[in-house]
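A short write-up of the structure that comes next.
The values are calculated or read from the model by the stated rules, or taken from the named source; none is laboratory data. Note that the coordinates shown come from a computational prediction; the quantities given were computed from them, not determined experimentally. Quick reminder, even Gly has a Cβ in these numbers, built from the backbone with ideal geometry, and neighbours come from all protein chains shown. For accessibility, only protein heavy atoms count, side chains too; no ligands or nucleic acids. Shrake-Rupley method; radii C 1.70, N 1.55, O 1.52, S 1.80 Å.
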Amino acid sequence: MKICVVVPAYNEELVIGNVVDDIKETFRGTKYFCEVVVVNDQSTDKTAENAQKATVINHLINQGAGGATSTGLRYAELHKANWVITLDGDGQHKASDALSCLEQAIRIDADLLIGSRLINKKGMSKVKILGNRGLTLITYLLFGINVTDSQSGLRIFSQKAIDILEWKSTGYDFCSEMLWRAKKANLNIAEHPIQAIYTDYSKSKGQSNWNAVNIVKSLVRRRIVEMFE
Amino acid sequence: MRYALLLLLTAPTVLMALLNIFTQYKMKRISKPRFVQQFMLWILISTLLLASFPVYNLVNDKPLLYSKGLSLLDILQTTAIVYLVYIINNFRRKIEQNERTIRDLHQEISISLSSRNGKS
């Protein structure tokens with residue numbers, strides 16, 4: 001079974017090497033044939049060089065997290081992956097969590113499985129919890145999707161989801177839009193608890209709650225615009 | 001007479017919008033639910049325009065919405081609004097299509113370059 005682990009990365013030179021090593025180490029010896037794909041979103045540092053153990057796709061233009069994830073999924077589609085895992089390039093996700101999410105997705109036959117950081121909130125700051133809960137509530141109000149963590153970067157996609165899913169957002173709002181598209185396509189959406197690792201580095205790289213305002217604006221606009229499409 | 005004029009001025013825009021929706025659906029550019037949603041939206045707009053006389057009388061009873069009869073300026077403004085909604089929507093759709101094309105092109109170039117670099 002071919003698995004593609006897509007890691008969108010922007011200026012992650014300090015941790016990207018460890019992220020790739022962790023994934024490779026975790027999947028070694030399992031029944032899965034795993035290819036790690038780092039989508040370097042026009043980083044200005046040595047992200048691409050430090051991720052050389054993985055397949056590196058260099059974006060020519062900075063596209064944002066949504067665009068980078070989309071490129072990774074397209075690569076997986078072209079290379080006929082059976083499942084795709086996406087996880088953040090800042091090292092906040094454990095590869096072992098990715099593996100357990102994959103196994104859960106296979107077990108329950110989910111098309112899109114979200115690794116939820118909010119089922120077990122240990123280590124997460126109150127501000128982050130508030131921001132994520134707020135965005136999850138907005139996602140529910142706008143799109144009617146009831147999940148605990150709509151913004152998690154750790155996601156598992158079945159082959160069906162890889163073929164069907166497309167989103168228009170290029171920024172972080174793609175997380176909610178993707179769920180909406182999945183719901184509209186009648187994909188089976190599920191969640192599985194994960195434990196995010198919050199280091200000083202990942203805290204400094206994560207989105208601020210102020211960015212949530214931009215995300216909300218973009219989602220509301222997207223919802224209105226779709227009425228005219 | 002004034003309501004008939006409003007209807008005459010806005011009818012071409014509404015008809016164009018409906019024709020666009022039908023064409024897109026027939027050419028399989030939009031799904032059936034999207035077609036129904038769009039169709040209902042423009043039917044709602046045309047119904048409001050067709051029923052502008054009773055609608056006007058109805059809202060005129062409310063103190064906040066009271067005004068004297070429909071002036072020629074009101075007719076022109078309403079026509080302009082309907083026309084602008086149609087134009088803006090068309091432009092937005094074309095911009096989104098172009099954005100999508102550029103994004104897809106960028107994606108394919110990035111992937112193809114990475115494959116070429118990997119082989120060399």
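What are the aspartates and glutamates whose alpha-carbon lies under 20 Å from the alpha-carbon of A:K160, with same-chain residues fewer than 8 places away excluded?
Straight-line reach from A:K160, under 20 Å: A:E35, A:E77, A:E103, A:D109, A:D111, A:E177, A:E191, B:D104.
Could you state the number of Å between the C-alpha centres of the stretch B:46-92 and the stretch A:122-156?
41 Å
First check a/c for chain A, with a ≥ b ≥ c the square roots of the eigenvalues of its C-alpha gyration tensor; if it is under 1.5, answer rounded, and if not, answer prolate when a/b is larger than b/c or oblate otherwise.
Details: a/c = 1.33, a/b = 1.21, b/c = 1.10.
The shape class here is rounded.
Classify the stretch A:19-85: rounded, prolate or oblate, from the alpha-carbon gyration tensor (a ≥ b ≥ c, eigenvalue square roots; a/c under 1.5 rounded; otherwise prolate if a/b is larger than b/c)?
Working: a/c = 2.62, a/b = 1.36, b/c = 1.92.
Oblate.
Taking 25 Å as R0, compute the FRET efficiency from the Cβ-Cβ separation of A:Y198 and A:N18 and round it to 0.05. It would help to have the intermediate numbers written out before the result.
Values: r = 15 Å, r/R0 = 0.62.
Approximately 0.95, to the nearest 0.05.
Across the stretch B:5-15, in residue order, what do the Karplus-derived ³J(HN,Hα) couplings come to in whole Hz, using 6.51 cos²θ - 1.76 cosθ + 1.60 with θ = phi - 60° and x for Gly and Pro?
5, 4, 5, 5, 6, 8, 3, x, 5, 5, 5
Counting other Cβ atoms within 10 Å of each Cβ, which chymotrypsin sites (Phe, Trp or Tyr not before Pro) in the stretch B:43-111 have at most 13 and sit in a DSSP loop?
Details: sites: B:Y56, B:Y66, B:Y83, B:Y86, B:F91; in loops: B:Y66.
Sites meeting the loop and neighbour criteria: B:Y66.
Using a probe radius of 1.4 Å on heavy atoms only, what accessible surface per residue do you get for chain A? Whole Å² is fine. It would help to have the intermediate numbers written out before the result.
Numbers: 9970 Å² over 229 residues.
Result: 44 Å² per residue.
Mind telling me which of B:R103, B:R93, B:R34 comes out most flexible in a GNM of chain B, alpha-carbon contacts under 10 Å?
Of B:R103, B:R93, B:R34, the most mobile in the Gaussian network model is B:R103.
Residues of the stretch A:29-55 with the amide nitrogen closer than 19 Å to a label point 7 Å from the Cα of A:I61, along Cα-to-Cβ, please.
Under cut-off, by backbone N: A:39-44.
Say a site is exposed when it is one of the trypsin sites (Lys or Arg not before Pro), sits in a DSSP loop, and has at most 16 other Cβ atoms within 10 Å; what is then the longest site-free stretch of chain A? Please list the in-between numbers first.
Working: sites that count: A:R28, A:K31, A:K46, A:K53, A:K80, A:K122.
My reading of the result: A:123-229 is the longest stretch.
At 7 Å along Cα-to-Cβ for each site, give me the label-to-label distance between B:L8 and B:F91 in nm.
2.9 nm
Pairs A:K94/A:K121; A:K94/A:K168; A:K183/B:K28: which exceed 25 Å Cα-Cα?
Working: A:K94/A:K121 15 Å; A:K94/A:K168 28 Å; A:K183/B:K28 21 Å.
Beyond 25 Å between Cα atoms: A:K94/A:K168.
Can you tell me which of B:M27, B:M16, B:M40 moves the most in a GNM of chain B? Springs connect C-alpha atoms under 10 Å apart.
Ranking B:M27, B:M16, B:M40 by mean-square fluctuation puts B:M27 first.
If one takes the longest principal axis of the Cα atoms in chain B, at what angle in degrees, from 0 to 90 and to the nearest 10, does the Cα axis of helix B:32-50 lie?
20 degrees
Given labels modelled 7 Å from the Cα in the Cβ direction, how far is it in nm from A:E226 to B:I109?
Between A:E226 and B:I109, the simple spin-label model gives 3.0 nm.
Taking beta carbons within 10 Å but only from partner chains, what does the mean come to for residues B:105-117? Before the final figure, lay out the partial values.
Numbers: counts 0, 6, 12, 3, 3, 15, 11, 2, 4, 12, 5, 0, 4.
Mean partner shielding for this stretch: 6.
Using a Gaussian network model on chain A with a 10 Å cutoff between Cα atoms, which of A:I129, A:I194, A:I162 fluctuates the most?
A:I129
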